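Structure record follows, encoded as structure tokens.
The values are calculated or read from the model by the stated rules, or taken from the named source; none is laboratory data. Please read these numbers as outputs of a predicted model, since none were measured by experiment. Backbone-built Cβ (ideal geometry, glycine too); neighbour counts: all protein chains shown.
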Amino acid sequence: TTIVACTAEKKKRALNLPTTDLAKENLVPMPMKIIATGNGFALDQFTAIYTSPNNGEYEEVGKFLAEKIKTKTDLDVQVNVEEIPNREGVIYINQSNSLELGAQEAYQLYITPDSVILNSNSASGAFRGVQTLRQLIPEMSNDTLADYPIWTIPTGKITDNPVFEYRGSMLDVARHFFSVADVKKYIDILAYYKYNGLHLHLSDDQGWRIEIKSWPKLTEIGGSTEVGGESGGYFTQEDYKEIVGYAAQHYITIIPEIDMPGHTNAASVSYPFLNGNGKKVELYEGTNVGFSTFDTRKDTVYAFIDDVIREISAITPGPYFHIGGDESHVTEKKDYIYFMDKVVEIVKKYNKTPIGWDELATANVDSTAIAQFWGSKENADMAVEKGMKVIMSPAKKAYLDMQYDTLSKHGLHWAAYIPVDTAYIWNPEKYEGIPLKNILGIEAPLWSETISNIDELEYLAFPRAIGFSELGWSTEENRDWENFKVRLANQAPYLDRMNVKYYPSPRIDWK
Ligand code: TNX
């Protein structure tokens, strides 16, 4: 049969595959450990994928890989077809409890001329390993070794494990709304670089973006506007579930944020009893911050918040709920603390872990709440004192909405100009003296005052978000700008294939 002929032929052909160096591949984020063995595995029309038996999650990961191989190479790689004895050129994706690497997302990849073996403790580890494998498939096939194309994957062993448990990005869909399709595309790219979290900033002064069935005017009125007088929009709960489900297929957790007690103008226009700033509320399409607040002393306000958190929690499988808490400049300090304490309790009642911007640390929270550091060292110190975990998002380094330089078409620069190298050259492990044991991970927020469509989103997010993936995943010893910059340059074919309108920074020698 063809298959028998193929295995015999392959043995011969293996000798002729070009020499390779797995350690010099353009992998991002850089894996923990790579040992190169110099040969090649031939990915071709005879390759098949087998996943751990009776494990639906692993089979899905295998199908995901097959689908991505199809888009990159046009090969139809079968998953879990009936086993052919002595078949060569197989990719095995195995669940294995024996990995000494304890972490959830750890994986090992053994690539030999005969097979690729991907071992992991969990399906999330398998999924991360699959991203590595995708990155190892060359852009071009070799068409001279046989009468069919062969994509040579370098042989060797990769042992990998993330430094940080949380590696996220945030998308502000409130200042400008982005569609389900836009969010899915963003997820596709984040997943390729092993991100595991996407924080959605679902409400702000300029818009309310998530359907709440018990409070329909939030989206009817509050969802009608955007910055600059554009048309607004919102996710129905079905839309949101679709995003959550798509993210889950990519082993990415969605973190919903309802920002309060400030940044709440859109909610208060919809239901004026919520308003606590003493002024008449109107729809707002500007970009000022810090002028709105909920009334923190009304029971009805907490009943409203309870409904909102209950409805969103019910469709959020992830463990977190973000309650904002930033820039509440017109809320009295004592009212702010009273408010945040109460809202933290509501979040816990719905079995979620509360996250807030670093100001949350000024409330009476304990070590179970998480602070997202964006600039205040004082708040960060307070969080550490309380034993809280911290998510690192320093505006001067990690804000994707900061302009690259004075020529940038989009973005702000209140915190800094952040060129591609500045975004990469810092240590989240050591920043502002926050102890490593308190750091849950890193998140790169993309605020959307200055961007209103996916092209503009991509201009600000890429390539910087690619560097942040390495800051979250790779060890300090494995990070080096000169080395990274070459690997980054080689992301261009992938980004182009994905039609990502990244900013072609002149500091990178793009391929
Ligand atoms: C500050 S950072 C904000 C946002 C703005 C952003 C613009 C933070 C927690 N709040 O409301 O969109 O700056 O860079």
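Yes or no, residue by residue, for (1) assigned by TED's automatic domain parsing to the domain that holds residue 352; (2) more than 14 Å from the ligand (Cβ to nearest atom); (3) touching a residue at least 24 places away in the same chain (Cβ under 8 Å):
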{"site": "278", "(1), (2), (3)": "yes, yes, no"}
{"site": "289", "(1), (2), (3)": "yes, no, yes"}
{"site": "294", "(1), (2), (3)": "yes, yes, yes"}
{"site": "312", "(1), (2), (3)": "yes, yes, yes"}
{"site": "318", "(1), (2), (3)": "yes, yes, yes"}
{"site": "322", "(1), (2), (3)": "yes, no, yes"}
{"site": "338", "(1), (2), (3)": "yes, yes, yes"}
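Taking residue 199 as the residue in question, decide whether it is under 22 Å from residue 464 (Cα atoms), within 16 Å of the ligand (Cβ to nearest atom) and assigned to a strand (DSSP E or B).
Judged against the criteria, residue 199 is a match.
Search the range 40-72 for residues being among the aliphatic types (A, V, I, L, M) and in a helix (DSSP H, G or I), and hand back the single one that is surrounded by the fewest Cβ atoms within 10 Å (Cβ to Cβ).
The selected residue is 66.
Of all residues in the range 389-435, how many are surrounded by fewer than 15 Cβ atoms within 10 Å (Cβ to Cβ) and closer than 19 Å to residue 197 by Cβ?
Total satisfying the criteria: 0.
Could you check the range 337-372 and list, in sequence order, the residues that are surrounded by fewer than 23 Cβ atoms within 10 Å (Cβ to Cβ), among the aromatic types (Phe, Trp, Tyr) and more than 26 Å from the chain's Cα centre (by Cα)?
338
Can you tell me which residue in the range 314-336 is farthest from the chain's Cα centre (by Cα), limited to those that are small (Gly, Ala, Ser) and under 17 Å from residue 264 (Cβ atoms)?
The selected residue is 328.
Anything in the range 426-463 that is within 25 Å of residue 493 (Cβ to Cβ) and more than 16 Å from the ligand (Cβ to nearest atom)? List them, or say none.
Within the range 426-463, 453, 454, 455, 458, 462, 463 meet the criteria.
Any idea which residue in the range 282-313 is farthest from the chain's Cα centre (by Cα), counting only those that are of a type in the set (A, V, I, L, M) and surrounded by 20 or more Cβ atoms within 10 Å (Cβ to Cβ)?
Step by step, filter the range 282-313, then rank; the result is 301.
Take the residues in the range 373-388 that are among the small types (Gly, Ala, Ser), within 15 Å of the ligand (Cβ to nearest atom) and surrounded by fewer than 23 Cβ atoms within 10 Å (Cβ to Cβ); name whichever of them is nearest to residue 400 (Cα to Cα).
375
Pick out, from the range 455-511, the helices (runs of 4 or more DSSP H) lying fully within it that include 2 or more residues that are small (Gly, Ala, Ser) and buried (at least 23 other Cβ atoms within 10 Å of the Cβ).
Helices (runs of 4 or more DSSP H) meeting the threshold: 464-473.
For residues that are away from the ligand (no atom under 15 Å from the Cβ) and under 21 Å from residue 322 (Cβ atoms), tally how many sit in the range 389-425.
Of the residues in that region, 1 qualify.
Would you mind listing the helices (runs of 4 or more DSSP H) fully within the range 212-300 where at least 2 residues are hydrophobic (A, V, I, L, M, F, W, C) and at negative phi?
237-249, 265-270
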